[in-house]
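The values are calculated or read from the model by the stated rules, or taken from the named source; none is laboratory data. Computed from a predicted structure; not experimentally measured. Don't worry about glycine lacking a Cβ; one is built from the backbone with ideal geometry, like all the others, and counts go over all protein chains shown.
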Amino acid sequence: MPMKILITGGAGYLGSHLCGELLFRGRAVTVVDSLVHGGNALLAYRTHPDFSFRKADVRDRETLRPFFDGVDAVVHLAAVVGYPACSQAGEECSYAVNLEGTKNVFELAEEAGARRFIFASTYSNYGTAPDGLPVNEDSPLSPQSLYAETKIAAERYLLERPPATVCAPVILRFSTVFGPSPRTRFDLIINQFVWQAVTEKKLLVYQKEYNRSFVHVDDIGRAILAVLDAPEDNVRGRIFNVGRNDGNFTKAGIVALIAREVPDLVVEYRDLSFDGDMRDVRVSFDRIERTLGWKARVTVPEGVRQMVELIRSGMLRNV
């Protein structure tokens, strides 16, 4: 029997891509999603014999319970994702989904005897790095947004699970993701900037010297697979930053890469400050490379070029 993986939030940007990766590698996949953003991204998998879909909200434990039968591992992606979404949803809803939902999913995974629980977290938790040095998994956390606060709370809950739990929690702090998926997001910096550059030939950029760290969606899928396949002793209760050491760029650096592909681009920079997710941080990814032998494959320049080509071809549209 193939390993059975349950993905919460599997109809989203990361989840819909991960479904294909897992099915291609012979895993059985059950997606649980409330379909806030629809389910079109999953249509290509609907006839696969090892794919199933269940509509549910992670806040509803009793509805979720039967879906965990026979599950070997859980990839928990369901969340109110990002500073703008959390601000719009409000504090009560954001914590209910991102913290209480995580508790529900982990405890059901433990009851069902699942062996591994992969939690999608974020490098937003680091906030800023005043000394300018790359942060690592042991660096202090300085959340600048409600989104990061909810993710840190969920991380703490998982890290406090006793060592005797059947289900081994693993925390992945993703860099800012970019690249195409069955449900591509265009509210993420690179995807948004490339779309505007190709279709409008102009960009308005704030805080151009703020540092960000980027990782291609293909490499996110590979990182999750690496954690699923790793020996338990290498990952239980561990935190891993996911990205590439040459994937740290300022916003101005990303614009320069895009301008190589869109030479008639007009760029306006403004230094306006505003409340919200004020990350200014570079990140180290030595731990995941050293512990799991995983390394991101897609460089940021390659990924930018790919996005430009897909948008110009008409294959990728912001609809």
- Query: So which of ARG54, ARG65, ARG59 ends up being within 29 Å of THR165 (Cα to Cα), in a loop (DSSP other than H, G, I, E, B), out of contact with any His (no Cβ under 9 Å at 6 or more places or on another chain) and of a type in the set (Lys, Arg)?
  - Reply: ARG59
- Do any residues in the range 142-159 that are outside the structural domain of GLU107 (by TED's automatic domain parsing) have Cβ atoms under 6 Å from those of residues that are outside any helix (DSSP H, G or I) and buried (at least 19 other Cβ atoms within 10 Å of the Cβ), where the two are at least six apart or on different chains, and which pairs are they? none
- Does the range 211-221 contain at least one residue that is of a type in the set (Val, Ile, Thr), over 22 Å from LEU316 (Cβ atoms), surrounded by 19 or more Cβ atoms within 10 Å (Cβ to Cβ) and outside the structural domain of ASP271 (by TED's automatic domain parsing)? no
- Task: Mind listing whichever residues of the range 86-129 are more than 12 Å from LEU158 (Cα to Cα), touching an Asp or Glu at 6+ places or on another chain (Cβ under 9 Å) and hydrophobic (A, V, I, L, M, F, W, C)?
- Result: CYS86, VAL97, ALA112, ALA114, ALA129
- Residue check: is GLY90 in the same structural domain as GLY221 (by TED's automatic domain parsing) and touching a residue at least 12 places away in the same chain (Cβ under 8 Å)? no
- Message: Residues that are free of Cβ contacts under 8 Å to residues at least 12 places away in the same chain and among the charged types (D, E, K, R): does the range 66-81 have at least one?
- Response: no
- Message: Tell me the residue from VAL177, VAL166, VAL198 that is touching a helix residue (DSSP H, G or I) at 6+ places or on another chain (Cβ under 9 Å), modelled with pLDDT of 95 or more and within 20 Å of GLY247 (Cβ to Cβ), please.
- Response: VAL177
- Among the residues of the range 257-278, is there at least one that is within 18 Å of THR176 (Cβ to Cβ) and at pLDDT 95 or above? yes
- Any chance you could count how many residues in the range 79-95 are assigned to a helix (DSSP H, G or I) and within 20 Å of PRO169 (Cα to Cα)? 1
- Message: Checking the conditions here, which among LEU99, LEU172 is closer than 22 Å to ILE224 by Cβ, part of a helix (DSSP H, G or I) and not β-branched (Val, Ile, Thr)?
- Response: LEU99
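So that you can scan it fast, the table gives a plain yes or no per residue for (1) modelled with pLDDT of 95 or more; (2) buried (at least 16 other Cβ atoms within 10 Å of the Cβ); (3) touching a Lys or Arg at 6+ places or on another chain (Cβ under 8 Å):
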residue: GLY90; (1), (2), (3): yes, no, no
residue: ALA112; (1), (2), (3): yes, yes, no
residue: ILE118; (1), (2), (3): yes, yes, no
residue: ASN125; (1), (2), (3): yes, yes, yes
residue: GLY132; (1), (2), (3): no, no, yes
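Residue by residue, here is whether (1) at pLDDT 95 or above; (2) more than 25 Å from SER175 (Cα to Cα); (3) buried (at least 19 other Cβ atoms within 10 Å of the Cβ) holds:
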position	(1), (2), (3)
ILE7	yes, no, yes
VAL31	yes, no, yes
ALA44	yes, yes, no
PRO49	yes, yes, no
VAL58	yes, no, yes
THR63	yes, yes, no
LEU99	yes, no, yes
LYS103	yes, no, no
- Please state which one of GLU100, GLU111 is in contact (Cβ under 8 Å) with a residue 24 or more places away in the chain and closer than 23 Å to ALA148 by Cα. GLU100
- Task: Name every residue in the range 278-299 that is part of a helix (DSSP H, G or I), surrounded by fewer than 24 Cβ atoms within 10 Å (Cβ to Cβ) and among the hydrophobic types (A, V, I, L, M, F, W, C), in order of residue number.
- Result: LEU292
